[in-house]
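**Q** Here's a structure for you.
Please treat every number below as a calculation from the coordinates, not as lab data. Owing to the predicted nature of the structure, the values given are computational and were not obtained by experimental measurement. So basically every Cβ, Gly included, is an ideal-geometry build from the backbone, and we count neighbours across all protein chains shown.
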Amino acid sequence: SDAVCERTELDAIRFANEMQAEYWSVSAKTGENVKEFFSRVAALAFEQSMIKELEKTAGHVVQIGAGNLISM
């Protein structure tokens, strides 16, 4: 029912807030927000990877792919 779905979504939002996580409403059935969600996950994974790499090379120059150099 709509009431059960709404209560479940509110519980999910509350849980995400407690974990300091993002909440995404996606639908495998309709495809709603699926591409955007996976793009966000990929961006977060890349960001964390780059932060770890930059922390290892603090004060050095870092090459990211074939792009420009980043100085720390």
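**Q** Separation between the ARG14 and LYS35 pseudo-spin-labels, each 7 Å from Cα along Cα→Cβ, expressed in nm?
**A** Placing both labels 7 Å beyond Cα along the Cβ direction yields 3.5 nm.
**Q** Let's test the formula: R0 of 30 Å, r as the Cβ-Cβ distance of ALA21 and SER1. What FRET efficiency results, to the nearest 0.05? Write down the numbers at each step before the final one.
**A** Values: r = 27 Å, r/R0 = 0.89.
The computed FRET efficiency comes out at 0.65.
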